[in-house]
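To start, the structure itself, in structure tokens.
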Amino acid sequence: MVASNRLIDVYRDRIGEPTTDDEAYGYWLFVFGIVLGIVGLLLFSLTASRSTPRQFGYLLGAIGLICLFAGPTIRLPLTRRGLFLTYAGAVVALLGTVWFTTFYPSNWSGPEGNPAVSLYIVGLALMAVGAVAAPLLTGRKEAYEEAVRTAEAATETAERATREAESASQEAEDASRAAEEATETAQRQTETAQRATRERETMAEELAASEAARADVAAVAEATEAELAAAQATIAAAMDSKATFELYADAAGKYRWRLRHRNGNVIADSAQGYASRQKAMQGLRSVQSNAAGGAVVFFENATEDDTAEDVPAVPAPESAATFEMFEDKGGEFRWRLRHDNGEIIADSGEGYASKSNVRRALKSVRAEVPGAAYLALDPVAFEVYADAAGEFRWRLLHRNGRILADSGEGYSTRSNARRAARRVGELAPESAVDDGFEVYEDAGGDWRWRLRAANGELVADSGQGYSNRSKAIDAVERVQSHAAEADLLAIGTAAFEVFEDRGGEFRWRLRHRNGEIIADSGEGYAERNKAVAAIGRIKRHAPGADQTE
């Protein structure tokens, strides 16, 4: 039985009823070969010798000749052996055609002795054997009768399939009647369930007294939750404190605490030393219960100059360093802090358009350095800051200085930004790529990620682009690993950060709470503790350093 499709239908309408599918397909393959041959001849005659267009002309002509051989052959009622030879020859000839492209035009020296041309001729010869020799050996009549027998067998198979379909239809009717009986049974079960429901309602009325008692318990729980909310509000207000608790070891090895205002003034201290850090922390917590708001920062490598008795209300002017203002090669003005031994221990990190801008930057550095805490990232932490538009944002910082994630939007208050950061810490570990995290390619061709809550709200994004998708996925995995355990940094007006640069060296920078970097180390250090020690030198020398222009 001949199948029905567009090619066979056109053949049936224009030429006649095909005996087999191959009869129609062979005709269209022959037509396709003629078209390819004509296009190949046109390209050959209209293009220059040994050019790429002429190469296409050769290819189209060669493929067209293969189709001209194969089309009439497969129309014949050949045995499988004859068709196999024809198909094998076509494959060999196509391989020769593809091989030809490696020689032409750059290495072409003519068809004589060219292996690609020889392989093509072998393929055509095999097709000729399949088309001519196989029919003479097998005979057309026997093949045709075999095709008729095959068609008759197919017809019988179709009739059996029809009878089986009728039987299946009868079975479907029987199944329908069984389904109707099942529906009646379900209705009876529904009535039974309704009676059971009425019985449960009676029992519920008997338990009403018990529910009243539960309501009393719920009222007590709501009161407890209100008290907890009030306590959380008190803690949130404390987070906006303008002072910072510092925990340090004095020269005698005793642990002490002091409360320093962001302007540098020490407004409270422990007045005594403690034998252990835990006892000093207990004393500090006792003060926090009445004056909450100071974040605890441990000062590493503290020296005698850091003790409470030696810290005046205003930073001492004595310094062994000098601020220098200069104009760089690009015409911008900068500052640097040079020690008396000639070492540059800090610089501006950026250029300014005028000397007055540099003076204002130096004034800011002098004011912020004394009270700036050292932020120890282990290995990441959330930072909340105010941007240039006055909105509050958060970002997830790694101790190597890279920003792993940011809020992607601003918030009206610092507390809202803090809550958003904590929410990311909760959502990130539970989310996965394509299930919360979205990895996408932006308009510039960079790959980025963003994190959405279950309601579709955008809660975080990558903050930067990556060169390929795998790097963006690696960044997602880092956020998943660190976000849940990241601390929320408490920054006064400014804070020192120590980070590892791309060269593997450690550097420091002084970052204002609005995100602006107002000073940096200007050089790298081989070890982290050396960068921390450099911060100590800046805090000691910058407030009282002279200024030269």
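Only one residue in G504, G456, G445 is free of Cβ contacts under 8 Å to residues at least 40 places away in the same chain, closer than 30 Å to A372 by Cβ and not basic (K, R), so which one is that?
It is G504.
Exactly one condition in (1) in contact with a Phe, Trp or Tyr (Cβ under 6 Å, 6 or more places away or on another chain); (2) of a type in the set (G, A, S); (3) under 16 Å from I345 (Cα atoms) is not met by A486; state its number.
So the condition that A486 fails would be (3).
What are the residues in the range 454-478 that are under 18 Å from R419 (Cα atoms) and either touching a Ser or Thr at 6+ places or on another chain (Cβ under 9 Å) or surrounded by 17 or more Cβ atoms within 10 Å (Cβ to Cβ) (or both), if any?
Of everything in the range 454-478, those that are under 18 Å from R419 (Cα atoms) and either touching a Ser or Thr at 6+ places or on another chain (Cβ under 9 Å) or surrounded by 17 or more Cβ atoms within 10 Å (Cβ to Cβ) (or both) turn out to be V459, A460, D461.
With respect to A428, is the statement that it is crowded, with 18+ Cβ neighbours inside 10 Å and either closer than 21 Å to A495 by Cα or not aliphatic (A, V, I, L, M) (or both) true?
no
Read through the list (1) at pLDDT below 85; (2) more than 38 Å from the chain's Cα centre (by Cα); (3) among the polar types (S, T, N, Q), then give the number of the only condition that S354 fails.
Answer for S354: the failing condition is (1).
Exactly one of (1) in a strand (DSSP E or B); (2) over 18 Å from S407 (Cβ atoms) is unmet by A460. Its number?
Failed condition: (2).
If I filter the range 5-21 down to residues being crowded, with 16+ Cβ neighbours inside 10 Å and assigned to a loop (DSSP other than H, G, I, E, B), which single residue comes out as nearest to the chain's Cα centre (by Cα)?
T20
Scanning the range 479-510 for residues that are modelled with pLDDT under 80 and of a type outside the set (G, A, S), which turns out surrounded by the fewest Cβ atoms within 10 Å (Cβ to Cβ)?
Checking each candidate, the answer is E485.
Which one of T97, T185, T102 is over 30 Å from A62 (Cβ atoms), modelled with pLDDT of 70 or more and among the hydroxyl-bearing types (S, T, Y)? So that I can check it myself, show each step before the final result.
Values: T97 fails: over 30 Å from A62 (Cβ atoms); T102 fails: over 30 Å from A62 (Cβ atoms).
Result: T185 is the single residue among T97, T185, T102 that is over 30 Å from A62 (Cβ atoms), modelled with pLDDT of 70 or more and among the hydroxyl-bearing types (S, T, Y).
I need the full set of residues from the range 234-267 which are on the phi > 0 side of the Ramachandran plot and modelled with pLDDT of 70 or more, in order please.
Selection gives G253 alone.
Which residues, counting only those in the range 26-64, are charged (D, E, K, R) and crowded, with 17+ Cβ neighbours inside 10 Å?
Listed by number, the list holds a single entry, R54.
Can you say whether V439 is at pLDDT 85 or above, in a strand (DSSP E or B) and β-branched (V, I, T), as far as the supplied structure shows?
yes
The values are calculated or read from the model by the stated rules, or taken from the named source; none is laboratory data. Note that the structure is a prediction, hence the values are computed from the model and not measured. A quick note on method: Cβ atoms are made from the backbone with ideal geometry, for glycine too, and the neighbour counts reach across all protein chains shown.
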